[in-house]
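Reviewing the structure listed below.
The values are calculated or read from the model by the stated rules, or taken from the named source; none is laboratory data. Computed from a prediction, not measured in an experiment: that's the story for all the values here. FYI the Cβ positions are ideal-geometry reconstructions off the backbone, even for glycines, and counts take in every protein chain you see. What goes into the accessible areas is simple: the full protein's heavy atoms, side chains included, and nothing from ligands, DNA or RNA. Shrake-Rupley method; radii C 1.70, N 1.55, O 1.52, S 1.80 Å.
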Amino acid sequence: MSGNTFEFALRGTDGLARLGELSTPHGVVETPAFMPVGTQGSVKAMRHCDLEDAGAQIILGNTYHLYLRPGDELIARRGGLHSFIGWNRPILTDSGGYQVFSLADRRRITEDGAEFSSHLDGSPHLLTPEGAVHIQARLGSDIAMVLDECHAYPASTDAASRPMERSVRWAQRCRRRLVELREGQTSGVVVSNAGQAQFGIVQGGVHQDLRDQSAAATVGVGFEGYAIGGLSVGEPIDLMYSVVADTARRLPEHQPRYLMGAGTPADLVECVARGIDMFDCVMPTRNARNGQLFTSQGRINIKNARFAEDDGPVDPECGCYTCRTHSRAYLRHLYMAGEMSAGALNTLHNLSFYLDTMRRIRDAISFRTFDRFRQEFLHSASRLSLDS
């Protein structure tokens, strides 16, 4: 471990793009960074050694799912999430707010919190802001997110203002409870990581006046970092970019900025250009399991018949194990045959592509060539898919 504290150091900039370092109790994360999503304490189809080889510095765990199964108290008895899953690098846990949001027919939001029925067995649960803090304290993640309320797109200003205002009140409650845990004022909660940081979340839909209010109030609470939530829920991409840019400018310069749940490789590049430091998304893993692969030449669907006798690698410019070892023809065969290894090899490639893209972004910012990198990358990303 690098220590028992959380720190963020801004190492350089190129335009609005930022180069930084997150120091956590379980190691340093170079930013901009992409976090593979490990919903159940596991990135689907991946071994931890594969993630490390691909360049993953930090992964994301899901509070909602781990609370329901195997249970945060069981994980705490196993020494916390790092010990339980055998991952010694940093972990961020979300609060479960988005998962509750997605259970539209199974939940009810009140000022107390989110009442919902488990998707596993229908059992009733109440997730409060304080409860989300307790669960994540037991998990012992390096970064814990506050409980927030998302709202679907589109939404009027009035409709979006209510969850935004409630999210601010919940953020205040989350912070108070974490401070109480740190000061030993709350008994009966096992704290698996005394150096755990807490990030606030800015909401407000696509209404910039609401985003401004949310940012000011959330920053006023005083967190170690700040996230932009409630995007990538169906809004036009240009509108998302505009909201990200305007919101990022209102967040503290010397604290990390995290865009939750977005997106494509082009989205990562474009949002780095707008001042974002951290990202997560299920796209590289989910798309891999469906046969869609990201390459320097555009996206391909490996199930397409044109690859049946293609002896080339998925991406000639990629150095991952999948591309070094296997042909498109073989990967197509595995996918069409329903072999488990298809998902593993495809996922390894997609995550390697995402993580290598982040490495190239960091290098470009360091050498102050980010704008040239951005233009070249977006030109490649805009090419027609090879399966079109």
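Which log10 I(q)/I(0) values, to two decimals, does the range 12-135 give at q = 0.09, 0.10, 0.12 Å⁻¹ under the Debye formula with one point per Cα?
The computed values of log10 I(q)/I(0) come out as -0.31, -0.39, -0.54.
Computed FRET efficiency, Cβ-Cβ of V282 and M340, R0 22 Å: what is it to the nearest 0.05?
Values: r = 19 Å, r/R0 = 0.86.
For R0 = 22 Å, the calculated efficiency reads 0.70.
Can you check what the net charge comes to around D53, using other residues whose Cβ is under 14 Å from the Cβ of D53 (Lys, Arg +1; Asp, Glu -1)? Could you put the intermediate results ahead of the total?
Numbers: positive: R47, R89, R324, R359; negative: D50, E52, D356.
Every neighbour counted, the sum reads +1.
Work out the FRET efficiency for L126 and L10 from their Cβ-Cβ distance, taking R0 = 41 Å, and round it to the nearest 0.05.
Details: r = 39 Å, r/R0 = 0.96.
Efficiency, rounded to the nearest 0.05: 0.55.
For the ranges 213-225, 116-128, what's the packing order if you count other beta-carbon atoms within 10 Å of each residue, average per peptide, and put the highest first? Show your work: numbers first, answer last.
Details: 213-225: 19.0, 116-128: 13.8.
Put in order of decreasing packing, that is 213-225, 116-128.
What fraction of the DSSP beta bridges in the chain is antiparallel, stated in percent and rounded to the nearest 5? Don't jump to the answer; show the numbers that get you there.
Details: 23 of 46 bridges.
Of those bridges, close to 50 percent are antiparallel.
With each run of n ≥ 4 DSSP H residues scored as -39500 (n - 2.57), what mean residue ellipticity at 222 nm is computed for the chain after dividing by its residue count and rounding to the nearest 500 deg cm²/dmol? Spell out each step's value before the answer.
Details: 15 runs with 161 residues, N = 388.
Rounded to the nearest 500, the figure is -12500 deg cm²/dmol.
If I compute solvent accessible area with a 1.4 Å probe over the protein chains, what percent of it on the range 217-323 is carbon and sulfur?
Details: 1730 of 3770 Å².
Ligands and nucleic acids excluded, carbon and sulfur reach 46 percent.
Taking only protein heavy atoms into account and a 1.4 Å probe, give the accessible area per residue of the chain in Å². Could you put the intermediate results ahead of the total?
Details: 15980 Å² over 388 residues.
Computed with neighbouring chains in place, this is 41 Å² per residue.
For the range 41-127, what's the relative contact order in percent, using C-alpha pairs closer than 8 Å and at least 6 residues apart?
Numbers: 80 pairs, mean separation 20.9, N = 87.
Over the range 41-127, the number comes to 24 percent.
Between S42 and R249, how high is the FRET efficiency from 1/(1 + (r/R0)^6) when r is the Cβ-Cβ distance and R₀ = 41 Å? Nearest 0.05.
Details: r = 37 Å, r/R0 = 0.89.
Step by step, r from the Cβ atoms, then E = 0.65.
Could you check the simple spin-label distance between S83 and A329, using points 7 Å along Cα→Cβ, in nm with one decimal?
5.2
Please compute the modelled spin-label separation between V219 and R368, points set 7 Å along Cα→Cβ, answer in nm with one decimal.
So the label points at R368 and V219 sit 2.6 nm apart.
Between the range 246-319 and the range 43-93, what's the alpha-carbon centroid distance in Å?
Spelled out, the Cα-based centre of one part sits 22 Å from the other.
For the chain, modelled as a GNM with alpha-carbon contacts under 10 angstrom, which of S192, S156, S232 fluctuates the most?
S156
Evaluate the chain: find the radius of gyration of its Cα atoms, find its Kirkwood radius, and give the ratio Rg to Rh.
On the way: Rg = 20.6 Å, Rh = 21.4 Å.
Result: Rg/Rh = 0.96.
Of all the accessible heavy-atom surface of the range 99-139, with the other protein chains kept in place and a 1.4 Å probe, what percent is carbon and sulfur? Mind dumping the intermediate values first?
Values: 860 of 1800 Å².
Carbon and sulfur atoms account for 48 percent of the accessible area of the range 99-139.
Mean-square fluctuation check for the chain, GNM, Cα pairs under 10 Å: which of Q375, Q297, Q255 is largest?
It is Q375.
Measure off 7 Å from each Cα along the Cα-to-Cβ vector at C49 and S242, then give the distance between these two points in nanometres to one decimal.
Taking the simple label geometry, C49 and S242 are separated by 5.0 nm.
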